[in-house]
Amino acid sequence: MARKRTYTRKRQPQNKILSLLIIVLVAGFYLWQNQQQSHTPTEKTSRTTVNAPNDQALLNLKWDGTLDGDIVHVNNNKATFSETEMADTFPSHASKLRPIDGLSLSPLDSLGRSQQANFVASQSAISKVTKRPSRMPYDVRPSGWFIGDRFDGTKWVGGYHNNPNVKLGNSKQPLWNKSHIVGYQFFGMATMVTENMTTGTRVENAYPGQLVAEDDIRDAIEQNPKLTVRGQVTPLYVGNERIPRGVHYMAKSISDDGKSLNLNYWIFNVQPGVKIDYATGKVTILESAK
């Protein structure tokens with residue numbers, strides 16, 4: 001008589017289930033950790049602080065030769081606007097210098113150089129900004145952008161442009177930028193004019209440069225969309241030089257008298273490994289920047 005076979009149902013190995021559960025938990029933990037890190041503000045770079053009662057004192061400052069040293073905090077990093085200046089709103093005059101509510105540009109000086117700009121940044125203005133063009137208009141031409149040119153009383157003519165690639169970080173980038181005095185991100189196409197441009201190094205413009213102040217303003221407004229910020233940016237020149245030695249950038253939140261934002265930066269127009277002739281725009285590139 002044949003022996004009756006018995007069959008035992010195979011059980012799913014518990015160790016496989018446990019391993020899968022561990023993988024899911026670990027993946028979930030790392031996802032949560034990354035989300036937390038993305039919302040954690042990074043520690044700000046420590047900046048040198050100086051007292052500078054006037055423009056000449058800013059021009060007398062010496063750059064320490066480092067990228068972080070490109071920005072200096074002035075007067076304890078507190079803007080020095082008067083009550084009258086804080087009350088300015090700069091309504092549009094439908095003109096080149098007052099093209100849009102909140103933005104006021106200055107005419108070029110007698111030497112064809114861009115001057116101080118004032119503004120009030122707001123979520124309302126930022127929300128109207130369109131995508132930035134990939135190229136700057138050719139006729140937007142600040143002093144020093146060309147070498148050997150001349151100012152005819154209205155615009156710069158003649159000369160030639162020289163923009164060498166220089167080492168910056170782990171790559172090479174063009175040395176010169178058409179640097180917005182008031183950033184495009186605040187008022188869009190109204191900022192794309194010669195009166196709102198300087199010839200600035202890549203470091204002065206955005207590495208770290210003026211982009212630091214602009215991002216400070218935008219971050220404050222993103223955190224509080226009802227906030228408005230009073231800003232002022234002043235390029236400073238030595239004598240008859242065509243290229244500014246730097247820009248003085250102040251900004252202060254209006255409604256809470258600077259509690260959300262209050263900054264006072266001097267930003268050097270410099271580049272590591274490059275010697276600049278601010279009178280002509282000619283440069284000498286050292287081995288460290290080649």
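Every read-out reported here was derived from the displayed coordinates using simple, explicitly stated rules and does not represent laboratory data. Nothing here was measured: the structure is a model prediction, and the numbers come from that model. Cβ placement follows ideal geometry from the backbone for every residue including glycine, while neighbour counts extend to all protein chains displayed.
Which pairs in the list K96/K155; K155/K275; K131/K275; K131/K252; K252/K275; K62/K252 are over 23 Å apart, alpha-carbon to alpha-carbon? Could you put the intermediate results ahead of the total?
Values: K96/K155 14 Å; K155/K275 27 Å; K131/K275 35 Å; K131/K252 26 Å; K252/K275 34 Å; K62/K252 26 Å.
Exceeds cut-off: K155/K275; K131/K275; K131/K252; K252/K275; K62/K252.
Between S106 and S255, what is the FRET efficiency for a Förster distance of 22 Å, r being their Cβ-Cβ separation, to the nearest 0.05? Can you show the working numbers first?
On the way: r = 26 Å, r/R0 = 1.20.
Plugging the Cβ-Cβ distance into 1/(1 + (r/R0)^6) gives 0.25.
Of L236, T89, F151, which is farthest along the charge dipole of the range 47-289 in the positive direction, counting Lys and Arg as +1 and Asp and Glu as -1 at C-beta?
Towards the positive end, the residue furthest out is F151.
Which shape class, rounded, prolate or oblate, goes with the range 182-223 when its Cα gyration tensor gives a ≥ b ≥ c as root eigenvalues, a/c under 1.5 marks rounded, and past that a/b bigger than b/c marks prolate?
Verdict is oblate for the range 182-223.
Fewest Cβ neighbours within 10 Å first, please rank W63, W176, W156 accordingly. Please report the intermediate quantities before stating the final value.
Values: W63 15, W176 24, W156 20.
By the 10 Å Cβ count, ascending: W63, W156, W176.
Explain nothing, just the number: dipole magnitude of the range 229-290 about its Cα centre with +1 on each Lys and Arg Cβ and -1 on each Asp and Glu Cβ, in debye rounded to the nearest 20.
The calculation lands at about 80 debye.
With contacts defined as alpha carbon pairs under 8 Å and 6 or more residues apart, what's the relative contact order of the range 59-174 in percent?
12
Going by how many other beta carbons lie within 10 Å of each one, how would you line up F187, F151, fewest first? Write down the numbers at each step before the final one.
Details: F187 23, F151 17.
Fewest-to-most ranking of F187, F151: F151, F187.
State, to one decimal in nm, how far the label point of K275 lies from the label point of D55, with both points 7 Å from Cα in the Cβ direction.
Going from the K275 label point to the D55 one covers 2.8 nm.
Between V157 and S171, what is the label-point separation in nm under the 7 Å Cα-to-beta-carbon projection?
Between S171 and V157, the label points sit 3.8 nm apart.
Roughly speaking, what is the stretch gain from T80 to S127, that is 0.36 nm per residue apart minus the C-alpha to C-alpha distance, in nm to one decimal?
Using 0.36 nm per residue and subtracting the Cα-Cα distance, I get 14.1 nm.
With label points built 7 Å along Cα→Cβ from the Cα atoms of S134 and W63, find their separation and express it in nm.
3.1
How would you classify the range 160-230 from its alpha-carbon gyration tensor, with a ≥ b ≥ c the square roots of the eigenvalues: rounded for a/c under 1.5, else prolate if a/b is greater than b/c, otherwise oblate?
oblate
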